[in-house]
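Engineer: Dropping the structure in here first, questions after.
The values are calculated or read from the model by the stated rules, or taken from the named source; none is laboratory data. Please read these numbers as outputs of a predicted model, since none were measured by experiment. All Cβ positions, even for glycine, are placed from backbone atoms using ideal geometry, and neighbour counts span all protein chains on display.
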Amino acid sequence: MSYHAEAFQNEYLAMGASEVNAIVTVSSSGGDGGGRTAGATEIIIVDASGSMQAEGRMAAARQAARAAVECIDDGVRFAIVAGVSTAQQLFPDPGQLAVASPQSRADAVRAIDRLQASGGTAMGAWLLLAARLFEQRPGDIKHAILLTDGDNGERHGYLEGVLEQVAGRFVCDCRGVGTNWKVSELRKIATAMLGTVDIVARPEDLTAAFQQMITAAMGKTAADVHLKVWTPVNATVRFVKQVEPQVMDLTGKRAEDGPRAGRYPLGSWGRESRDYHICVDVPPGGAGDEMLAARVSVVEGDTVHAQCLVRAVWTEDTALSTRINRQVAHYTGQAELAEAIQEGIAAREAGDDRTATLKFGRAAQLAHQSGNRATEELLAKVVEIEDAATGTVRMRRRVNAADEMALDTQSTKTVRVGRSQ
Amino acid sequence: MGGTPGPGGDAPGRGGRDCPHCGASTALDPDGYCQECGMLAGRPRDHTEADGEPVAAAVSDRGRRHHRNEDAMWLAVGADAADVVVCDGVSSSFDPDVASEVAARTAGELLARAQHPVRPARPAADEPTGELARPQPAQAGPQQAGPRPGTASPQQARPQPAQAGPQPTGPQPAQAEPEPSPTPPEPVGPGTQRAEAGPHPAEEGTEAIADPDAPTEPLEPARSEPAEPALPVAEVVAMAIQGAGAAVAALAGTGDPRRAVSNPACTIVAAAVRGPHVGFGWVGDSRAYWVAGSGPAEQLTEDDSWARHVIALGVDPRVAMNDPKAHAITAWLGADAGRITPRIGAFTARVPGHLVLCSDGLWNYLTDPADFGDAVRSALRIATGPRPLLEAARALVAYANSAGGADNITVAILPVPPPSPAEAGGDAEPSDNEPSEA
């Protein structure tokens, strides 16, 4: 698998400046011939709590799970977990993983047909069971799908404890069906598990959503990729964020790795490209000094796949130091966009329409400026955008709950900036 | 390493393993950054030296305020001959350091390959007297006759038996670049092809470089009294500068896409010395000076700069030079420069002196010609080691650095006429080149 890492930045800093920003683009050509360099294990967790009986959700979930199973490549290990008050393995036998084949897929489909809704929602327990199953396959590309339609019913703090325990052990994409679940709760899981979160408002759309997630998972060819960031003495990493395809703060996931270096988990990789925003505080240098502010490597185990340098050069020439790097500016804006939307939604829920209007106005402006059309369109369903350029918006009196949840889940989705400066 | 006269381009800090910034021992990465403090220890181009003793020497240095050296130089010396190029990257362009490096190398290689119409005067092999190889004019040199170095006649300047002598050895690059170029660019001058054939009577050589596109607008002194046979040397220099201009212009379409938006650009000053004959040319504000045994230095070039332009219009030079726009150049090499029309000049030295080429990193601290002349002579006087020219060039760089080092500094020093092989074999005392000081 061949990786490429490239840093985009304005390395010139004004005298006394100490903040160094760079966008690092990591791309991979995928495995040789598109093949995986490791085995793969897939676990599908379907909420089977009582509420799933409503609006034909259980039937839709069964159909989606069947479709997902059909997408699993031959040879891939898989299991299906039924999410009730406790976690129950639906297929294959408890504690086992099936090897995908026409026969095992047909057996799985028959098991799915028996799935009935009853009981409560215990996401922490579901994730723990998945983690135990994944344990059998060290080195595999590990991916899970979690489908739910409601709030977690476990005692406060339990889910957080589980996430701390299982974070980094597999990637989990989360989908909420209907509008009775909490975006913030699923986002918490997705963020901890390096996955995505999205709403599937209509049960009939579940099949397509599952197929898309499984297909993406089957495209991963490397299991556990990390970004290693070295910084010089007396420097601190302010943040490391994935900024494309979606905003995800990795700062807190740092694991120390040798002197002045730390690793940030990127999860599994296929033939794809992602952008990371790295911000480092360094001791200011003198005029003409050049410093290596960060050495950024893409690593898998002890293997360094690619490397790029983030530099700082102090200059008295303001023509150089005031140059704005388009990548950095663009993704700084995209991160602010996500924040503005989430703060706007929080303010609206708290009944603070004044703050909500301000935040949504800023969001409309940022989405418009950066050409993030998808987000702008979702925003327009929650507020009336009178003038996107100035950020003038009016709150809508009636907002469809699904639209607001879609805006919330999509807030972190970013668009890419052109490469030329 | 800067104090050790060593062969080739020196790169202080790079050879050592200790960090010069934080002192951490054996802490340098292969790419030159300290594994502790992250500071860049040095780049190969931060300080380079070209040792062409006793014919010429040149030093290029990053200075004190710039993060890299965007100047570049080329020096090639042969028997009684030298080619020298000094370029200064335009810092507002993208990759100016690449522009200067490409320009210096391209011009240098074109100079080295061109058949110069004036052969280095050389006594025949069976005339072993060094006396004949060097002119011994007792009368005042051109510099004392005012700004007319071209007035000296070739007959007065040099003995003629040279015409019967053996073909001169072509100039050889003398560690002028940290990395010698592996693939010379294609010659662009129409005269180059012919230049590779057979013996070259001066007339044919002159014809060979008669490029209709070649700018032939020499400076005032040369024009008023054509300095035959030095003028054809200058025309070769003009051709080399045009070739360098084409090479720099081509950079805009290569490498980083930002080059297309803000194309790499640089200045250039180049000179070819053949015996007492000197041809030079320039684009931008890098300069050539003639420094004789005494008196003010004579600035041979005329800056293509905003300051020069307004001074010509009558503005007080001190006011003009203090203007922020003073160093804005009005001509350069680069894709956006349009057709390159280098200005050229030529002269034949009647008394020994020194040709000095430099970037504005030096002359900006020595704007008074008298100061410049004194500084060069002083540097030569104190240079008493085995490599006096290199030491003198280092001393001038050190002077600019001690005065602030606000820009990259490049200096080349060439005694004219160059010491003949007879002298070259012996002790090349700087006083040889300064009879009036002796």
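Per-residue answers, yes or no, for (1) touching an Asp or Glu at 6+ places or on another chain (Cβ under 8 Å); (2) among the hydroxyl-bearing types (Ser, Thr, Tyr); (3) closer than 30 Å to B:Arg65 by Cα; (4) modelled with pLDDT of 95 or more:
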{"position": "A:Ala201", "(1), (2), (3), (4)": "no, no, no, no"}
{"position": "A:Ala222", "(1), (2), (3), (4)": "yes, no, no, no"}
{"position": "A:Leu227", "(1), (2), (3), (4)": "no, no, no, yes"}
{"position": "A:Met248", "(1), (2), (3), (4)": "no, no, no, no"}
{"position": "A:Gly270", "(1), (2), (3), (4)": "no, no, no, no"}
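Engineer: Looking only at residues that are of a type outside the set (Asp, Glu) and at the interface with chain A (Cβ under 10 Å from one of its Cβ atoms) in segment B:251-271, which one is surrounded by the most Cβ atoms within 10 Å (Cβ to Cβ)?
Structural biologist: Residue satisfying both the conditions and the ranking: B:Ser262.
Engineer: Just to be sure I understand, how many residues within segment A:295-316 are within 14 Å of another protein chain (Cβ to nearest Cβ) and in a loop (DSSP other than H, G, I, E, B)?
Structural biologist: Within segment A:295-316, residues that are within 14 Å of another protein chain (Cβ to nearest Cβ) and in a loop (DSSP other than H, G, I, E, B) number 1.
Engineer: Working carefully through the options A:Val280, A:Val229, A:Val233, A:Val197, find the one that is among the β-branched types (Val, Ile, Thr) and closer than 21 Å to A:Ile341 by Cα.
Structural biologist: One residue alone meets the criteria, A:Val197.
Engineer: While we're here: (1) under 23 Å from B:Arg258 (Cβ atoms); (2) within 12 Å of chain B (Cβ to nearest Cβ); (3) buried (at least 24 other Cβ atoms within 10 Å of the Cβ): which one isn't true of A:Val282, the others all being true?
Structural biologist: A:Val282 satisfies all of (1) under 23 Å from B:Arg258 (Cβ atoms); (2) within 12 Å of chain B (Cβ to nearest Cβ); (3) buried (at least 24 other Cβ atoms within 10 Å of the Cβ) except (1).
Engineer: List pairs: first residue in segment A:167-190 and within 24 Å of A:Trp269 (Cα to Cα), second residue in a strand (DSSP E or B) and small (Gly, Ala, Ser) anywhere in the structure, Cβ distance under 7 angstrom, at least six positions apart or on different chains.
Structural biologist: Filtered contacts from segment A:167-190: A:Phe170/A:Ala144; A:Val171/A:Gly267; A:Val171/A:Ser268; A:Cys172/A:Ala144; A:Leu186/A:Gly176.
Rundown of residues vs (1) outside the structural domain of A:Asp151 (by the TED database); (2) charged (D, E, K, R); (3) farther than 30 Å from A:Arg155 by Cα, yes/no style:
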residue	(1), (2), (3)
A:Val46	no, no, no
A:Gly50	no, no, no
A:Gln63	no, no, yes
A:Arg66	no, yes, yes
A:Ala82	no, no, no
A:Ala108	no, no, yes
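Engineer: For residues that are of a type in the set (Gly, Ala, Ser) and over 21 Å from B:Gly281 (Cβ atoms), scanning just segment B:58-85, find the one that is farthest from the other protein chains (Cβ to nearest Cβ).
Structural biologist: B:Ala79
Engineer: Does segment B:59-102 hold any residues that are among the β-branched types (Val, Ile, Thr) and in contact with a Leu (Cβ under 8 Å, 6 or more places away or on another chain), and which are they?
Structural biologist: B:Val59, B:Val84, B:Val85, B:Val86, B:Val98, B:Val102
Engineer: Out of segment B:23-52, which residues are more than 11 Å from every other protein chain (Cβ to nearest Cβ) and under 16 Å from A:Asn234 (Cα atoms)?
Structural biologist: B:Gly23
Engineer: Of everything in segment A:121-137, what is crowded, with 19+ Cβ neighbours inside 10 Å, in contact (Cβ under 8 Å) with a residue 40 or more places away in the chain and not in a helix (DSSP H, G or I)? Give them in sequence order.
Structural biologist: The answer is A:Thr121, and nothing else.
Engineer: Out of the residues in segment B:86-101 that are of a type in the set (Gly, Ala, Ser) and within 12 Å of chain A (Cβ to nearest Cβ), which is nearest to B:Gly253 (Cα to Cα)?
Structural biologist: Restricting to residues being of a type in the set (Gly, Ala, Ser) and within 12 Å of chain A (Cβ to nearest Cβ), the top hit is B:Ser93.
Engineer: When you scan segment A:143-256 for strands (runs of 3 or more DSSP E) that lie fully inside it, which ones turn up with 2 or more residues that are more than 14 Å from chain B (Cβ to nearest Cβ), surrounded by 15 or more Cβ atoms within 10 Å (Cβ to Cβ) and within 13 Å of the chain's Cα centre (by Cα)?
Structural biologist: Hits in segment A:143-256: A:171-177, A:197-200, A:236-244.
Engineer: Right, another one. Is it the case that segment A:90-97 has a residue that's more than 25 Å from A:Gly219 (Cα to Cα), aliphatic (A, V, I, L, M) and surrounded by 19 or more Cβ atoms within 10 Å (Cβ to Cβ)?
Structural biologist: There is at least one residue in segment A:90-97 that is more than 25 Å from A:Gly219 (Cα to Cα), aliphatic (A, V, I, L, M) and surrounded by 19 or more Cβ atoms within 10 Å (Cβ to Cβ).
Engineer: Looking only at residues that are in contact with a Gly (Cβ under 7 Å, 6 or more places away or on another chain) and not basic (Lys, Arg) in segment B:6-38, which one is modelled with the highest pLDDT?
Structural biologist: Taking the candidates together, the pick is B:Gly32.
Engineer: Would you check if A:Leu292 is touching a residue at least 24 places away in the same chain (Cβ under 8 Å), of a type outside the set (Asp, Glu) and within 14 Å of chain B (Cβ to nearest Cβ)?
Structural biologist: Here the answer is yes, as A:Leu292 does meet what is asked.
Engineer: Could I ask something else about it? Report those strands (runs of 3 or more DSSP E) wholly inside segment A:1-102 carrying at least 3 residues which are farther than 30 Å from A:Ser321 by Cα.
Structural biologist: Of the strands (runs of 3 or more DSSP E) lying wholly inside segment A:1-102, those with at least 3 residues that are farther than 30 Å from A:Ser321 by Cα span A:40-47, A:77-83, A:87-91.
Engineer: Assess whether A:Phe78 counts as being assigned by the TED database to the domain that holds A:Asp205, within 23 Å of the chain's Cα centre (by Cα), of a type in the set (Phe, Trp, Tyr) and more than 20 Å from A:Ala192 (Cα to Cα).
Structural biologist: So A:Phe78 passes the test.
Engineer: Can you confirm whether A:Asp205 is among the acidic types (Asp, Glu) and modelled with pLDDT of 90 or more?
Structural biologist: Yes: the conditions hold for A:Asp205.
Engineer: Out of curiosity, is A:Ala319 over 21 Å from B:Ala24 (Cβ atoms), within 14 Å of another protein chain (Cβ to nearest Cβ), at pLDDT below 95 and assigned to a helix (DSSP H, G or I)?
Structural biologist: Taking the combined requirement at face value, the residue satisfies it.
Engineer: Please verify whether segment A:257-274 includes one or more residues that are in a strand (DSSP E or B), within 27 Å of A:Ser321 (Cβ to Cβ) and more than 14 Å from every other protein chain (Cβ to nearest Cβ).
Structural biologist: Checking segment A:257-274: not a single residue is in a strand (DSSP E or B), within 27 Å of A:Ser321 (Cβ to Cβ) and more than 14 Å from every other protein chain (Cβ to nearest Cβ).
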